[in-house]
Every structure is written in structure tokens, then in C-alpha cells.
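Peer 1: Below is a structure I'd like to ask you about.
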Amino acid sequence: MEWLLRRLLSLWVRVTVRPEDMAERLAARTAPVCYVLERASSTDLAVLQNVCARHRFPRPGARLARGELRRVRAWFYLSRPLNPWSARVDRRPPAALHQLIAALQGDPALDIDLVPVAVYWGRAPQKEDSWLRLALSEDWALATRLRKALTVVFNGRATMVEFSDPVSLRSLLSPGDRNPQLQARRIARVARAQFRRQRAARIGPDLSHRRTIVASVLRTRAVRAAVAAEARERQVTRREALLTARRFAGEIAANYSHRFVTIMEKVLRRLWNRLYDGVIVGHVETLAQVAEGNEVVYVPCHRSHMDYLLLSYAIFRQGYAVPHIAAGVNLNLPLIGRFLRKGGAFFIRRSFRGNALYTVVFMKYLATIMARGHSIEFFIEGGRSRTGRLLAPKTGMLSMTIRSYLREPVRPIVFVPVYFGYERVVEAATYVSELSGKPKEKESVFGLLRSLRVVREKFGKVHVNLGEPIALDAVLAGTAPDWRTQTPDGDGRAPWVAQVVDETASRLMRNINAAAALTPVNLLALTLLATPRQAMLRADLLRQIELYLALLAAVPYGPRVTVTTETPEAILAYGEAMKLVSREAHKLGDIVRMSEANAVLSAWYRNNVLHLLAMPSLIACAFVGNSIMRTEDIHRLVWRVYPYIAAELFMRWNEDEIGPVTDQLLAALAARGLITATADGTAWRRAPSTTTEAVQLSFLARATIQTVERYYLAIAVLINAGSGQITQAALEERCQLMAQRMTMLHGFNSPEFFDRSLFADFLDRLRDRAVIRVGGGGLLAFDDVLARVARDAEFVLSEQIRHSILQVVHT
């Protein structure tokens, strides 16, 4: 009968084996292997036997032929039904485990490798295409025989078998305990906990019913105390205050449904096939590294309404549970809100100010789902970026996550930064109009639905890159080494907690940008927007793209940055196919041109990746008005300007690393012939102005020259106003107006050039570095240090640019 079942399943069932290198892992072990299955299931065992036979793993059906183990087969179940008709489960340690422990205690030279194996039916989402199949996919419920049979029929061709690393059974035994029954119970308990962690990583934890979560939140001591305080403050009964707390919890809580998520995966797959030429997930191995045993918090950048769906889709397609997503309460609309809750959304108000009870309820709900092991997701920028750059982090949700962990450090928190790289974003046109002064559209589901009117168009590829994970315990150890002995005050706002939040936010922003995806669209935008009329000779364009690719290959920005593998010719052809650029034939050489409308939109795509080439561009700026530069002057210039550019673009290098990076980039530019070292090696000379290399160096400099111009403009306006004569708010407004005037005069296709928030961030950074200070009445004061910064800025700007800026300022 067992042979017949195996044969029938081998004809129907198609299995994905995780991890893919399991054969090598087993081959490296010398002890006999015994497989551990979570639940009694003849079909699961038959599938395991077929997998082992196909991949030449040790066979479960074989006997552990040594001494007392000759009659013990190389597998056992952790749990089984009490009888064929009962739904109750017998969790007593199996007899085989008792026999293995007794054999090890009798033979000190013997050891057995336990290999936990989980079988997930319908957990290969890339193969699911049937509604009934989705309804019968894997969950936490114990399956009846009929349901199991239907599951095999409908989901047999989308099955995953996950092997855990072999564990020495002897290493699990307590040396001082000779009681095999106690040893078996402890080992079985540890194994069941591991299976729960695996299942939580794959399909999400067992959150039972939404009412159960709400009830557990309301029973916590903190919520009960807040209810009592609310009753006293509002002079209402305790029951009325408790009903208010229950209403808050109901407003917040998700109602996650794994079956709903599996069904929605099919819907989204069809949508992505209509919109995109591919959804490319980079560094997926990160999920396997962090998923098990940790509370995973996904922290993506926010570029589009599509971000909400793409990350959950990408995670689910890789075989992991989708996260709970912090969504604004404005999205909690009739019907739509219900669907979002089933997809894992929990809702948060924009402000908690003046509502202590809501704050406590939300904090305890967040702590509850974190403690139960469900991953969460929030956008650290708060809103979508209209410029294509990362926005300054909004640390509210991050602070609540960290404070919840500090109160109840149940599971270690690991933050996973996520970068979205779009070749064409749905909302690009609205971003440009908003930066040009039009009122911001309210974010809503209806706004998303209106955006989907362009579903008939193609939007190229979209990249979802996972950044370097950040373990919160490591940040705490570096920022507050004795954090485990410190107890945060009532609301967790101790000064050292704020330092931890700020440090974590900074690392997250840098790690998001350090996982950027450089696409053909980004390269074309970088190159053509460096020209006055967004047009280049085809040959010059191809050479410039080749230069950028060569620089990133010689001095990589980071190991997680993905760069297109296409040739410059293929990149140009792709841009033409996407209707981003057009080509005009000419006898002296074809001209590649970008329309004015595309040029404005392309600034968004350029800004996505500007940080990747900011350092070589900054060095090139030194040669804009100087034919020869001493190495020490280049280093001083980079050291002076880099902190401000790094803060604005969230660049990965700290100031101590800039010196070696500068030397590497100088060598890379020299290797391309753009600069040459002097005979004594103390200075660098740019290529002769009549050469192609000089043109390339000039184009490279223009990638960041507008950023330096913006800094110089702000400094010039402040110096012109005088020390102690203007507030920061007034200075920001004046700088914005001056920048708008320059844009109108010189035709910049960069809406962010007059973005007031960038001026505010620059002035904040000047204050942080004590270049300027706030005096009486909020007036900005400065001394000679600001003048030295201005002189260094002048050093990289041509005389014509300096005169243009000063003319606008003095006028």
C-alpha cells in the first residue's frame, strides 16, 4: 500500500525543495540521518520518500542499522491524532525518539542527525492558477482526511518541501539528565517550536481570530491602566472607557487571511503582467537569513502607490509570509478597508496628540503582533517622494517599534531596508505638477484607482532590491551598551532611546540607497539631463554611458547595488522603445534627443540614483574651472562638501572613509584618460579641452553641479542678508524664490532645485556643524567659517555660474 501511494504521488505531485543545496549539507555529515515530520501524514511521508529518492538523500524508509536501532526507521512524527475519528492531537514524544535517546545513552560513540522536514501543500505561489487550489492552500488548521485528499489533488503540483539543517541529537541531550522520558519531552518541545517558526516564516503566524487579538490587547496591564485614567479624566464609567478602547482596537487591527492573500497574488500577477515587463527581486537570499526566529520589519522607500502591493507580492512569491502593513487611517474606506485588513493592513492615525488611550492601545497592538512573530512593514519617509530622492525620515512608527521591543524584548528585531526602482512610475506627471506649485492631491485608494487608467500602457521593469539587514540589538549595543539594565520611562522617551531611533533611521536610509538598481532609464536620464538642451551626439551619449558603467565597476558603490548588464547600444535602443528618447538622423552623426516633457519627468529617475555617481561627479567639479588641481586641495574640497551631499542623498560612506574612496576614484578617472597625474605625483591635470575626455569630464561634473550651486545660493543669500539679520524660515523662503528665478532664467529641468525642504535640510546641517548658529529672536548668526565654506564652493563653480547666482541674489 505504501509503495502504491508513493507511485501515485510521484506521477502527480511536483515539489520545490528548499534549500537548494541540501544535498551538499547532508553529504558533509557522517552520522546517520533521521527525519522529523511535524504531523502524522502518510502523504507527507510518501512525498518525503520520493524527494529523497530523486535527490539521492538518505532514505527515510531505511532502518538505522546499528545495535538497538536496527528496527527503528529513519523518520518519526512529532504529533498524531489520538484516534482516526478524533480531532484531538497526541503530542507525547514518539516511541522512536525514546529509542534513539536510549541508544545514545548506551553508546557514547553513537550520534544521530535529526533533520526536521516541513511539507507545504499549495505554498509555491508562482504555480498557483486555480481559485479552488488557492482555497485549499497551506494554513495552520489540522486537515481532515477529505481535505488532505482534495489538497493533494488540487495543490499537489505546487508543493514545497523545506529541510532544516541537520542537528546532532547528542548535542540536544542534557549531560546530567539520564531520564529518557524527560529528555524526549524537552527535545520534542524544541522541535515543535522550530516547526512553528518555520511555518510562521512561510505562511505567517497563527493569529487566530481578530477578536482574540483585540481581547488580548485590552487585557494588558497598560491598557487597563489607560482605561482607568480615561474614565477619571472624562468622568465616565469604566465600561464606557473600555468600549472606547475596544473601538480604537477595532479601528486599528488587521484581519489577516492567508487564503485571501493567496487569491490576491493571482490578481496581482495578472496586473503586473499588464503593467510591467518584469518584477525583479534582488538579494532574495536575505529573506532566508532573517526570516526564522526574528521579528522582521520591512522598511521600504516610498516611490509609488504600487509600493504597497509590490513588496507583499515579491515576498509572497519567494515563499514567505506577507507583512502587516502600517496604513494611514484615510485608507480605511468602506469595503476597501476590509480588503486591506485581510491583506495584512493595520490602520494608524496621522497624529496621536492629545489621545493617551489611543496611543497605549496602538502600542500594545503593535507589541502583540510583533511578539507573535508576524513581520510588519512601514514607509519611513511617511509620504511618496515627489523628487525621486529619499525624503527625510519620519521616525514616529520606527520609534514605536523600538519602544515596544524595549518593553517586551520577546523576539529579536531585524530591519530589512527595501529599494524600489521603477523605469516608469505611474504618478510621475502629478509629482512634477505638485513641485511646480499645484496643490498636493490627497492620497487615497481612489487616487490609486484613477492612476490605473493607464493600465493599457507599459511601464518597463520594476526592481525590488533588499538592502543590508540591520539588527536592532546591534544598534542598541553600539548606542546604549547597557540597554538591558535600563528601563525606559513611562512612554519610552528616554534620551538614549531617541539616540537609538535616530541612529537606526540613519542606517536604514543609507542602506536603502545602498541597494539601488541602476537601469537603462536611469542612465539615459543621468546623461541627457547634463546637457543644456537634453540632446547629444549618439557617439558622445554612448561613450558617456560607458564611462558611468566603467566607474561603477572600478569603484562599486556597494555590494547590493544592481547595475544593468546591457551594452550602451542596447540601453539606447531600450530608451527609444520606451519612447523616452528619439533619434534624429544627420550626415555628421545621429543626434539623440529628449523632449521637454520627458526631460522634466526624467529628473525623477535621475534623482533615484544620483548618489551612485555623486562622488566621482564631485571630484570632476573640481576641474570645471581649474585645469590642474593638487591632490590635497581635492581632498580638502571633498571633505568640505561631502557631508552636506551625503546628508542630502543618504550616502553610505562616513567621513573617515572619504579619503581612500577619493583616491580610488582619482585612479579610476585617470585609467579612463580623463585626468593625468603630474610628474611629481602631487597634482592632477585634466585632459586638454579639445579632447573627448575633457567633454566626458564636463558632463560628469554636471550631475552634482546644481547641488553645489544650490548650496552656494543659500550661502550667498545669507551673507548678503548679514549675520543676525534673518530667520531660518525667512531665509528658506527667500532661497526658494531665488532658485525659482534662476530656473526660469536658465531653463533647469530640475524641480527639486527650488524645493524648500532641501534648503531647510542644508541650513539644518550648517547649524549641526556649527557653521551658523541661531541667536536672539531666531536670527541666524555666522562668522568667518561660513566665508571659508563659500570660498570652497566658489572653487568648483565656474566664474559664469558664480556671477549668475550673485546677480540674482543682489537683484
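The values are calculated or read from the model by the stated rules, or taken from the named source; none is laboratory data. Note that this is a predicted model, so its numbers are computed, not measured. Because the Cβ atoms are built from the backbone with ideal geometry, glycine has one as well, and the counts that use them run over all protein chains shown. In case anyone asks, the SASA skips ligands and DNA or RNA and just uses the protein heavy atoms, side chains included. Shrake-Rupley method; radii C 1.70, N 1.55, O 1.52, S 1.80 Å.
Peer 1: In whole Hz and in residue order, list the ³J(HN,Hα) couplings for the stretch 218-234 that follow from phi through the Karplus curve 6.51 cos²θ - 1.76 cosθ + 1.60, θ = phi - 60°; x for Gly and Pro.
Peer 2: Computed from phi, the couplings for the stretch 218-234 are 5, 7, 5, 4, 5, 5, 4, 5, 5, 5, 4, 5, 5, 5, 5, 5, 8 Hz.
Peer 1: Related question: Under a point spin-label approximation (7 Å from Cα along Cα-to-Cβ), what is the Phe339-Ser757 distance to one decimal in nm?
Peer 2: Those two pseudo-labels are separated by 2.9 nm.
Peer 1: How big is the accessible area of Lys458 in square angstrom, nearest 10, if you roll a 1.4 angstrom probe over the protein chains?
Peer 2: Its heavy atoms expose roughly 90 Å² to the probe.
Peer 1: Efficiency by 1/(1 + (r/R0)^6): what FRET value for Asp784 and Arg219, r their Cβ-Cβ distance, R0 = 56 Å, to the nearest 0.05?
Peer 2: E(calc), rounded to 0.05, equals 0.35.
Peer 1: Can you give the accessible area of Leu150, probe radius 1.4 Å, in Å² rounded to 10?
Peer 2: Estimated to the nearest 10 Å², Leu150 gives 70 Å².
Peer 1: Measuring from label point to label point, each 7 Å out along Cα→Cβ, what is the Glu285 to Arg640 span in nm?
Peer 2: For the pair Glu285/Arg640, the computed spacing is 4.4 nm.
Peer 1: Report the one residue of Gly61, Val290, Leu572 whose Cα lies farthest in the direction of the positive end of the charge dipole of the chain (charges on C-beta: Lys and Arg +1, Asp and Glu -1; origin at the Cα centre).
Peer 2: Of the options given, the answer is Gly61.
Peer 1: Here's a follow-up. Around Ile470, what is the net charge, scoring Lys/Arg as +1 and Asp/Glu as -1 over all other residues with Cβ under 11 Å from its Cβ?
Peer 2: It works out to a net charge of -1.
Peer 1: Leaving out same-chain residues fewer than 8 places away, which aspartates and glutamates sit with a Cα under 14 Å from that of Lys266?
Peer 2: Output for Lys266: Glu128, Asp129.
Peer 1: Let me ask another. Excluding residues fewer than 8 places away in the same chain, name every one of the aspartates and glutamates whose C-alpha is closer than 19 Å to that of Lys364.
Peer 2: Asp206, Glu230, Glu251, Glu295, Glu377, Glu408, Asp489, Asp491
Peer 1: So, counting K/R as plus one and D/E as minus one, what does the shell of residues with Cβ under 9 Å around Met370 add up to?
Peer 2: Every neighbour counted, the sum reads 0.
Peer 1: Suppose the chain between Thr479 and Ile628 were pulled fully straight at 0.36 nm per residue; how much longer would it get relative to their current alpha carbon spacing?
Peer 2: Gain on stretching Thr479 to Ile628: 49.3 nm.
Peer 1: Roughly to the nearest percent, how much of the accessible area of the stretch 596-687 is carbon and sulfur, given a 1.4 Å probe?
Peer 2: 51 percent
Peer 1: Let me know the longest stretch in the chain that avoids all GluC sites (Glu not before Pro) found in a DSSP loop with at most 11 other C-beta atoms within 10 Å.
Peer 2: That would be 21-456.
Peer 1: Separate question: Which of Ile591, Leu100, Ser41 sits farthest toward the positive end of the charge dipole of the chain, with +1 on the Cβ of Lys and Arg and -1 on the Cβ of Asp and Glu?
Peer 2: The Cα lying farthest towards the positive end belongs to Ser41.
Peer 1: Can you compute the modelled spin-label distance between Arg353 and Leu4, with each label point 7 Å from Cα toward Cβ, in nm?
Peer 2: It works out to 7.4 nm between the two label points.
Peer 1: With charges set only on the Cβ (+1 for Lys and Arg, -1 for Asp and Glu), what does the dipole of the chain come to about its Cα centre, in debye to the nearest 20?
Peer 2: Result for the chain is approximately 4300 debye, rounded to the nearest 20.
Peer 1: Of Ile402, Ile591, which has the most accessible area with a 1.4 Å probe, and how do the rest follow in descending order?
Peer 2: Per-residue accessible area, sorted high to low, gives Ile591, Ile402.
Peer 1: Just how much of His635 is accessible, in Å², when a 1.4 Å probe is used and the result is rounded to the nearest 10?
Peer 2: In the full protein context, His635 sits at about 50 Å².
Peer 1: With every protein chain kept in the model, how would you rank Met509, Met264 by accessible area, 1.4 Å probe, largest at the top?
Peer 2: Met264, Met509
Peer 1: Ordered by residue, what ³J(HN,Hα) values in Hz, to whole numbers, does the stretch 770-776 give under the Karplus form 6.51 cos²θ - 1.76 cosθ + 1.60, where θ = phi - 60° and Gly and Pro are x?
Peer 2: Coupling constants for the stretch 770-776: 6, 6, 10, 9, 9, x, x Hz.
Peer 1: Which value in deg cm²/dmol, rounded to the nearest 500, describes the helix-derived mean residue ellipticity at 222 nm for the chain, given -39,500 (n - 2.57) per DSSP H run of n ≥ 4 and division by the residue count?
Peer 2: -16000 deg cm²/dmol
Peer 1: Given a Förster radius of 25 Å and the C-beta distance between Arg270 and Arg14 as r, what FRET efficiency does 1/(1 + (r/R0)^6) yield to the nearest 0.05?
Peer 2: Efficiency, rounded to the nearest 0.05: 0.65.
Peer 1: Counting only protein heavy atoms and using a 1.4 Å probe, what share of the accessible area of the stretch 1-112 belongs to carbon plus sulfur, as a whole percent?
Peer 2: Carbon plus sulfur share of accessible area: 53 percent.
Peer 1: I've got another one for you. Using a Förster distance of 41 angstrom, determine the FRET efficiency expected from the C-beta separation of Val410 and Gln664, and round it to 0.05.
Peer 2: 0.40
Peer 1: Keeping the other protein chains in place, figure out the carbon and sulfur percent of the accessible area of the stretch 454-561, with a 1.4 Å probe.
Peer 2: After summing per-atom areas, the C and S share lands at 51 percent.
Peer 1: Taking a probe of 1.4 Å, how large is the accessible area per residue of the chain, in Å²?
Peer 2: 44 Å²
Peer 1: Now for a different question. Fully extended, how many nm does the chain gain between Arg685 and Arg533 (0.36 nm per residue separation, minus their Cα-Cα distance)?
Peer 2: Full-extension gain reported as 51.9 nm.
Peer 1: To the nearest 10 degrees, how steeply does helix 799-810 sit against the main Cα axis of the chain, on a 0 to 90 scale?
Peer 2: That works out to roughly 90 degrees.
Peer 1: Suppose we look only past 34 Å in the calculated P(r) of the chain. What percent of the Cα-Cα pairs does that tail hold?
Peer 2: 59 percent
Peer 1: Let me ask something else. Got a sec? Charge dipole of the chain, +1 on Cβ for Lys and Arg, -1 for Asp and Glu; which of Gly659, Gln198, Thr704 is way out at the positive end?
Peer 2: Most positive-ward Cα: Gln198.
Peer 1: Alpha carbon centre of the stretch 322-380 versus the stretch 302-318: separation in Å?
Peer 2: Between the Cα centres of the stretch 322-380 and the stretch 302-318 lies a distance of 17 Å.
Peer 1: Can you tell me how much longer the chain between Arg185 and Ala498 gets when fully stretched, taken as 0.36 nm per residue apart minus their C-alpha distance, in nm with one decimal?
Peer 2: That pair, Arg185 and Ala498, stretches by 108.3 nm at full extension.
Peer 1: Between helix 238-252 and the chain, what is the angle of the helix's C-alpha long axis to the longest principal axis, kept within 0 to 90° and rounded to the nearest 10?
Peer 2: So the helix axis and the longest Cα principal axis differ by about 70 degrees.
Peer 1: Against the longest alpha carbon principal axis of the chain, how many degrees, from 0 to 90 and to the nearest 10, is the axis of helix 631-649 turned?
Peer 2: 60 degrees
Peer 1: Continuing with this model, one more query. Work through the residues other than Tyr35 whose Cβ is under 10 Å from its Cβ and net out their charges, Lys, Arg +1 and Asp, Glu -1.
Peer 2: Summing Lys/Arg as +1 and Asp/Glu as -1 gives +1.
Peer 1: Dipole size in debye (nearest 20) for the stretch 180-330 around its Cα centre, Lys and Arg Cβ +1, Asp and Glu Cβ -1?
Peer 2: 800 debye
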